[in-house]
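Participant: This structure is in structure tokens; I'll ask about it shortly.
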Amino acid sequence: MTSQAIPMTKKNADSVTLIDNRTGKSIDLPLIKGSAGPNLIDIRQLYNETGYFTFDPGFTSTGSCNSKITYIDGDEGVLLYRGYPIEELAEYSDFMETSYLLIYGELPTAAQKKEFEYSVVYHSMVHEQLINFFRGFRRDAHPMAVMVGVVGALSAFYHEHTDIQNPGEREIVAHRIIAKIPTIAAMAYKYSIGQPFIYPRNDLPYTENFIRMCFAVPCEDYRSNAVITRAMDRIFTLHADHEQNASTSTVRLAGSSGANPYACIASGIACLWGPAHGGANEAVINMLKEIGHEKNIPEFIRRAKDKNDPFRLMGFGHRVYKNYDPRAKVMRKTCHEVLNELGLQNEPLMRLAIELERVALEDPYFIEKKLYPNVDFYSGIILRAIGFPASMFTVLFAVARTVGWIAQWNEMTNEENQKIGRPRQLYTGETRRSFVPVNKRK
Ligand code: CMC
């Protein structure tokens, strides 16, 4: 039976009725209303009552959990963290304050903010033994591969002592992960360029400390740049959470079995690595380099529209946003600020990106399919100007998204009657058949 054979008709405001045209039976499915966004049809009893599963690969119409953390209205281009618009947080808040907000649900008081920042700083050093894991990797290993391995290895350092049912311990896990991931990320970078690791400093704020761990060398003093630090901090804020995206869902799914939280975060990093997700900012730079010159833009636009060509305009389109990604607007402005500060206003890739965006936004294909620049379109240009190689871009995304992952993991673990995530499938393989001994196989 196909889904078309089961029409849904609206019966009353609180439920929908599903009629099985084969048997004539009907079932009322309750509607669940959130504080914002579309209603959801509660199908938890569907299989018990009808024997049917739903089919939704890619989860385009499936809500997987309750969450109070992040809200997106993709049609209007709205992103709220705990109710606060991302544009306001990017302008007036900072990454540590936003992290507190995502984890605890409210903006901190001055005293709470200080205490939180102190706790994060205090946990930023990694076990000296962890350094040995880096040495096992080839120098040319992709830093995301190193991140997956080393963050996963954290679970070996904090396993026996981690009782995830205890809220106090979950809080320590959250602070520890937020604190150690930037240290590990900076180490992954230093390792890839053959420079000595720079240890964190407890007297520096989170983002300044991170940039220093990436760019300082032991043989000279490091001077931070306020514009760069602010831009990096804003990039972290913009990437901190994004509702039930692929990597967050991965963390939740891994965590739903009660697995070690550090291992769950490593699974999120693995998922984020893909070019359709966090790897897109790296892909944008590669694409801009490949385009090379404004005169080649029409050819690449043509290729992006050609169904027989796998090429897609990287940094364009989003599963949820069918309007300008609000993060992309902030990113575009930040990009100009950074390039001005560094005297790179005429950076060719930036000029190319602006022209590409203009052409795509006027093209009927992109208009019709509601394909707008996403957060990754400009972030790569900023990160490149700051001095990061493209291979580090997704690592920086992972540093920021760690906060969202841990907030979502904590929310899930705190839930009453929390269940292991276990989707079903549409089986299309062989049905039962008998084993054939090897000498009888043709
Ligand atoms: N260039 C050209 N065509 C596109 C693009 C694009 N970037 N994105 C979507 N389309 C077309 C696609 O071919 C399809 O056409 P049709 O309906 O004729 O088959 C239609 O638009 C819908 O695309 P989809 O692949 O069904 O949409 P999706 O929601 O599954 O994919 C996406 C979302 C982000 C994976 C996709 O837009 C994409 O591949 N974009 C480029 C990669 C990128 O920038 N990713 C970063 C996402 S934002 C950061 C993050 O969340 O991690």
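Participant: Hey, among ASP376, ASP363, which residue is buried (at least 23 other Cβ atoms within 10 Å of the Cβ) and charged (D, E, K, R)?
Facilitator: On the way: ASP363 fails: buried (at least 23 other Cβ atoms within 10 Å of the Cβ).
Going through ASP376, ASP363 in turn, just one is buried (at least 23 other Cβ atoms within 10 Å of the Cβ) and charged (D, E, K, R): ASP376.
A quick yes/no check of all residues on (1) more than 14 Å from the ligand (Cβ to nearest atom); (2) crowded, with 23+ Cβ neighbours inside 10 Å; (3) under 18 Å from LEU396 (Cβ atoms):
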site	(1), (2), (3)
PRO218	yes, no, no
ALA226	yes, no, no
ILE235	no, yes, yes
LEU272	no, yes, yes
ARG302	no, no, no
ASP306	no, no, no
PRO310	no, no, no
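Participant: For the range 407-442: of the residues being touching a residue at least 40 places away in the same chain (Cβ under 8 Å) and among the basic types (Lys, Arg), which is farthest from PRO57 (Cα to Cα)?
Facilitator: The selected residue is LYS419.
Participant: Same structure, new question: Among ASN308, ASN346, ASN296, which is modelled with pLDDT of 95 or more, of a type outside the set (A, V, I, L, M, F, W, C) and either touching a Lys or Arg at 6+ places or on another chain (Cβ under 7 Å) or assigned to a loop (DSSP other than H, G, I, E, B) (or both)? I'd like the intermediate steps shown before the answer.
Facilitator: On the way: ASN346 fails: modelled with pLDDT of 95 or more; ASN296 fails: either touching a Lys or Arg at 6+ places or on another chain (Cβ under 7 Å) or assigned to a loop (DSSP other than H, G, I, E, B) (or both).
It is ASN308.
Participant: Here's a check for you: in the range 367-377, which residue that is in contact with a helix residue (DSSP H, G or I) (Cβ under 9 Å, 6 or more places away or on another chain) and part of a loop (DSSP other than H, G, I, E, B) is farthest from the ligand (Cβ to nearest atom)?
Facilitator: Quick first cut of the range 367-377, residues in contact with a helix residue (DSSP H, G or I) (Cβ under 9 Å, 6 or more places away or on another chain) only: 367, 371-377.
Checking which are part of a loop (DSSP other than H, G, I, E, B) leaves us with 371-372, 374-375.
Numbers: LEU371: 5, TYR372: 10, ASN374: 4, VAL375: 5 Å.
So the residue we want is TYR372.
Participant: Here is a further query. Take ASN374 and decide whether it is touching a residue at least 60 places away in the same chain (Cβ under 8 Å), in contact with an Asp or Glu (Cβ under 6 Å, 6 or more places away or on another chain) and not aromatic (Phe, Trp, Tyr). Lay out the reasoning, then the answer.
Facilitator: Details: touching a residue at least 60 places away in the same chain (Cβ under 8 Å): yes; in contact with an Asp or Glu (Cβ under 6 Å, 6 or more places away or on another chain): yes; not aromatic (Phe, Trp, Tyr): yes.
Yes; evaluated as a whole, the condition is true for this residue.
Participant: Now for a separate question. For the condition within 16 Å of the ligand (Cβ to nearest atom), small (Gly, Ala, Ser), touching a Ser or Thr at 6+ places or on another chain (Cβ under 8 Å) and outside any loop (DSSP other than H, G, I, E, B), what is the one hit in GLY380, GLY404?
Facilitator: Details: GLY380 fails: touching a Ser or Thr at 6+ places or on another chain (Cβ under 8 Å).
One residue alone meets the criteria, GLY404.
Participant: What are the residues in the range 274-293 that are within 13 Å of the ligand (Cβ to nearest atom) and either among the polar types (S, T, N, Q) or part of a loop (DSSP other than H, G, I, E, B) (or both), if any?
Facilitator: Answer for the range 274-293, where residues must be within 13 Å of the ligand (Cβ to nearest atom) and either among the polar types (S, T, N, Q) or part of a loop (DSSP other than H, G, I, E, B) (or both): GLY274, PRO275, ALA276, HIS277, GLY278, GLY279, ASN281, ASN286.
Participant: In addition: Looking only at the range 45-62, filter to residues that are surrounded by 13 or more Cβ atoms within 10 Å (Cβ to Cβ) and part of a helix (DSSP H, G or I); which one of those is nearest to the ligand (Cβ to nearest atom)?
Facilitator: Filtering the range 45-62 for residues surrounded by 13 or more Cβ atoms within 10 Å (Cβ to Cβ) gives 46, 49-50, 52-54, 59, 62.
Going one step further and asking which of them are part of a helix (DSSP H, G or I), we end up with 46, 49-50, 59.
Working: LEU46: 25, GLU49: 31, THR50: 28, PHE59: 11 Å.
It comes out as PHE59.
Participant: Listed residues ILE265, ILE297; which is away from the ligand (no atom under 12 Å from the Cβ) and under 27 Å from ILE354 (Cβ atoms)? Lay out the reasoning, then the answer.
Facilitator: Details: ILE265 fails: under 27 Å from ILE354 (Cβ atoms).
Answer to the selection: ILE297.
Participant: Right, next: Which condition number in (1) within 16 Å of the ligand (Cβ to nearest atom); (2) in contact with a Ser or Thr (Cβ under 7 Å, 6 or more places away or on another chain) is the one that ILE211 fails?
Facilitator: Failing condition for ILE211: (1).
Participant: Taking the range 407-433 as the region of interest, how many residues are surrounded by 12 or more Cβ atoms within 10 Å (Cβ to Cβ), more than 16 Å from the ligand (Cβ to nearest atom) and not charged (D, E, K, R)?
Facilitator: 9
Participant: Here's a follow-up. With (1) under 21 Å from the mean Cα position of the chain (by Cα); (2) farther than 29 Å from GLY255 by Cα; (3) surrounded by fewer than 24 Cβ atoms within 10 Å (Cβ to Cβ); (4) within 16 Å of the ligand (Cβ to nearest atom) as the list, and PHE388 as the residue in question, which single condition is left unmet?
Facilitator: With respect to (1) under 21 Å from the mean Cα position of the chain (by Cα); (2) farther than 29 Å from GLY255 by Cα; (3) surrounded by fewer than 24 Cβ atoms within 10 Å (Cβ to Cβ); (4) within 16 Å of the ligand (Cβ to nearest atom), PHE388 is out only on (4).
Participant: Count, please, the residues in the range 349-366 that happen to be outside any helix (DSSP H, G or I) and away from the ligand (no atom under 16 Å from the Cβ).
Facilitator: Step one: filter the range 349-366 for residues outside any helix (DSSP H, G or I), giving 363.
Subset that is away from the ligand (no atom under 16 Å from the Cβ): none.
Going through the range 349-366 one residue at a time, the tally reaches 0.
Participant: Among the residues that make up the range 322-343, is at least one of them free of Cβ contacts under 8 Å to residues at least 40 places away in the same chain, surrounded by 19 or more Cβ atoms within 10 Å (Cβ to Cβ) and more than 15 Å from the ligand (Cβ to nearest atom)?
Facilitator: Looking for residues that are free of Cβ contacts under 8 Å to residues at least 40 places away in the same chain, surrounded by 19 or more Cβ atoms within 10 Å (Cβ to Cβ) and more than 15 Å from the ligand (Cβ to nearest atom), one finds none in the range 322-343, hence no.
Participant: If you don't mind, another one. Starting from the range 55-74, take each residue that is over 20 Å from ALA254 (Cβ atoms) and list its partners that are in a strand (DSSP E or B) and not aromatic (Phe, Trp, Tyr), counting only C-beta distances under 9 angstrom and pairs at least six apart or across chains.
Facilitator: Listed pairs, sorted by first residue: TYR71/VAL78; TYR71/LEU79; TYR71/LEU80; ILE72/VAL78; ILE72/LEU79; ILE72/LEU80; ASP73/LEU79; ASP73/LEU80.
The values are calculated or read from the model by the stated rules, or taken from the named source; none is laboratory data. All values reported here derive from a predicted model rather than from experimental measurement. Reconstructed Cβ throughout: ideal geometry from the backbone, glycine too, with neighbour counts over all protein chains shown.
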